[in-house]
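The next block holds one structure in the form of structure tokens; read it before the comments.
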Amino acid sequence: MDPIPENANEHCPGPSSATAGRAEGCAGCPNQEICTTQASGPDPDLPLISERLHTIRHKILILSGKGGVGKSTFTSQLSFALAANPQTTVGVVDVDICGPSIPKVMGCENEEIHRSSNGWSPVFVQDNLSVMSIGFMLPSDEAAVIWRGPKKSGMIKQFLMDVDWTNSEPMDFLLFDTPPGTSDEHLAVVQLLRQSGITGAVLVTTPQEVAIQDVRKELDFCRKAQVPVIGVVENMAGFVCPGCRGESRIFYPTTGGAKKLCEDLDIPLLGSIPLDPRIGRSCDQGSSFLDTYADSPAAQAYASIITKIKELINYSPE
Amino acid sequence: MSGNSTVGERLATIKHVVLVLSGKGGVGKSSCTVQLALSLANQGHKVGVLDIDLCGPSIPRMFGLEGQQIHQASAGWVPVYVDSEKRLGCMSIGFLLPSKDASVVWRGPKKNAMIKQFLGDVYWGDLDFLLIDTPPGTSDEHLAAVEYLQEWNPDGAVIVTTPQEVALSDVKKEINFCTKVGLPVLGLIDNMSGFVCPHCAECTNLFSTGGGEGLAKYMKIPFLGRAPIDPNLVMLLEQEDKTVVPNANDPNPDPDAEKKRTSSIVETYQHCELSKIFAAISKTLCEKLDSKH
């Protein structure tokens, strides 16, 4: 169910109910127009989506209220790390429709989507790692996607309904890289996955309060949308100068950073990743940072976070 | 379009309307907006900042105005002012939320309505500049702002980027958005361009280098300047008391030491190294806007 807006009338039937906007209690509600113009009732495509996705064991959302904290970087490194085991199959859905970065950070920028009788085939980065992004459908990387909410939601639905993710084989992970905020794309993913189930969300933040405060909003969203929270990753925590090895904190955790946030809200802190310029460079080149710089402190932080996530969701490769 | 007439009335007393855009999140749109506003206010202009990032409003925290309320006057919503002389005011959904943790889970149409209300109902009075801080992307909020402002010819957009390639492709999208909707691009700021280590003064390019200037040349838009990461600025935008001059380079600050204080964030900002760069950027911007009129 969509959360009931705070300014709704007392007998609100819920914005996603069949009678939204038309029930008796809707008269005079400030949201009535929005509810009546939106498609109401349960989405007839939901069973089709759960049919498509039923062989996928874990569906994980990568969220963050704020932009530029490293959601796409984290998603790509998590997928590379999971797919390092040849037995594990991983898919990545880029639901950031206006700013798709996944093709670039995963090194599959100029690929194209192929169509088969089973639907769209995702782009395979490795035998066991496939990717879907609107980036593959744009004429050039400069083309802007100037779409309003409903069109973006429609695209996301196609990613889930029309893409042949699994070829009916079992799949271990489907990771969702999301845009910043708590709006159309997020609601679309949560609603479309309602029947097939979401394993949980990993929230990415940076240590400063401006980012933490957006993450609190995102946690509030998870609570309202009933998405389980796996934990929080603190990115860009501290910077070690490659020249003198001196450490500085660029994004200063004035309010205690992610540690305090997790303690206050009683959610797991998955770990802190230091700021390493080579992570950004790996992303620009679309390669796996964990493979290239396995000994660096940042790679070790990543590895320990990924182990923790596997533990928290009880994943063990078969 | 009777609904838009109030937007027109509000904008009649505002000389320049500038949007701050970027396709990518976290490149520093809000911090650049704040710095442009502080620089312009310091140069004697009257400035308003409108935050239309409805799902992640950062402007209240950055100006140190968290927890403030918006007052309703007969003329409309009164902006929250940063300084006692009321040279710099701002408006954000952050002031309307019950708590700072509350999420705004809204779809497009509701966000559009809020933006329209901001443009129509806020009593800015006489302003030299209205800076509009936007969320990342090219979607509802951007279309709404451009649509409601269209008839009153907004001056254009300042684009913010960071130098790494991943950001540049999103920013190209944003520039093409501006072309498509007919919004002039006033220039591009290359933000987070390098970080000077406080220990050894060596500059590390955290997010690659030179990307912004190259992009500006490639897209044939003016390049406004390059701003490195300044830990003092990060601290100033973070700390709750904006009258304390930040000193992020001191690894072991003495808690009992007398803190250097100022009268408002406009003055504190002048103690940050970055203020010089943004003073130059805002002067360039002013010249550009004046030559247009």
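The values are calculated or read from the model by the stated rules, or taken from the named source; none is laboratory data. Here the structure is a predicted model, which is why all the values come from computation and not from measurement. Backbone-built Cβ (ideal geometry, glycine too); neighbour counts: all protein chains shown. Quick note on the areas: whole protein, heavy atoms, side chains included, nothing else; ligands and nucleic acids left out. Shrake-Rupley method; radii C 1.70, N 1.55, O 1.52, S 1.80 Å.
Take the conditions open to solvent by 30 Å² or more (accessible area, probe 1.4 Å) and closer than 26 Å to A:Tyr315 by Cβ and apply them to A:Arg115. Does it pass? Taking the combined requirement at face value, the residue does not satisfy it. Does segment A:119-143 hold any residues that are touching a residue at least 24 places away in the same chain (Cβ under 8 Å) and open to solvent by less than 30 Å² (accessible area, probe 1.4 Å), and which are they? Of everything in segment A:119-143, those that are touching a residue at least 24 places away in the same chain (Cβ under 8 Å) and open to solvent by less than 30 Å² (accessible area, probe 1.4 Å) turn out to be A:Gly119, A:Trp120, A:Pro122, A:Asn128, A:Leu129, A:Ser130, A:Val131, A:Met132, A:Ser133, A:Ile134, A:Gly135, A:Phe136.
Which residues, counting only those in segment A:28-56, are in a loop (DSSP other than H, G, I, E, B), modelled with pLDDT of 90 or more and open to solvent by 70 Å² or more (accessible area, probe 1.4 Å)? Across segment A:28-56, the qualifying residue is only A:His54.
Considering only segment B:1-16, how many residues are among the aliphatic types (A, V, I, L, M) and either assigned to a strand (DSSP E or B) or modelled with pLDDT of 95 or more (or both)?
In the first step, residues of segment B:1-16 are kept if they are among the aliphatic types (A, V, I, L, M); the result is B:1, B:7, B:11-12, B:14.
Subsequent filtering for residues that are either assigned to a strand (DSSP E or B) or modelled with pLDDT of 95 or more (or both) retains B:14.
The qualifying residues number 1.
If the condition is being open to solvent by less than 30 Å² (accessible area, probe 1.4 Å), more than 7 Å from chain A (Cβ to nearest Cβ) and not in a loop (DSSP other than H, G, I, E, B), then segment B:152-173 contributes B:Gly156, B:Ala157, B:Val158, B:Ile159, B:Val160, B:Thr161, B:Ala167, B:Leu168, B:Val171.
Here is a yes/no grid of residues against (1) more than 21 Å from B:Ala279 (Cβ to Cβ); (2) part of a loop (DSSP other than H, G, I, E, B); (3) within 14 Å of chain A (Cβ to nearest Cβ):
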residue: B:Val18; (1), (2), (3): no, no, no
residue: B:Ser30; (1), (2), (3): no, no, yes
residue: B:Leu36; (1), (2), (3): no, no, no
residue: B:Glu66; (1), (2), (3): yes, yes, yes
residue: B:Ile115; (1), (2), (3): yes, no, yes
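For segment A:68-77, a residue qualifies if it is open to solvent by 10 Å² or more (accessible area, probe 1.4 Å) and on the phi < 0 side of the Ramachandran plot, and the qualifying residues are A:Lys71, A:Ser72, A:Thr73. A Cβ distance below 9 Å, combined with a sequence gap of six or more or placement on separate chains, defines the contacts here; from segment B:132-147, residues that are within 18 Å of B:Leu186 (Cα to Cα) and more than 7 Å from chain A (Cβ to nearest Cβ) reach residues that are acidic (Asp, Glu) and open to solvent by 10 Å² or more (accessible area, probe 1.4 Å) in the pairs B:Asp133/B:Asp53; B:Thr134/B:Asp53; B:Thr134/B:Glu141. Remark: pairs (first residue in segment B:88-108, without any contact (Cβ under 8 Å) to a residue 40 or more places away in the chain; second residue among the hydrophobic types (A, V, I, L, M, F, W, C) and in a loop (DSSP other than H, G, I, E, B); Cβ separation under 6 Å; 6+ apart in sequence or on different chains) = B:Phe95/B:Ile70. Tell me whether segment B:93-107 contains one or more residues that are in contact with a Pro (Cβ under 6 Å, 6 or more places away or on another chain), over 28 Å from B:Lys172 (Cα atoms), in a strand (DSSP E or B) and at pLDDT 95 or above. No, that holds for no residue. Restricting the search to strands (runs of 3 or more DSSP E) fully inside segment A:101-183 and requiring at least 3 residues that are touching a Leu at 6+ places or on another chain (Cβ under 7 Å) and under 20 Å from A:Thr55 (Cβ atoms) gives A:171-177.
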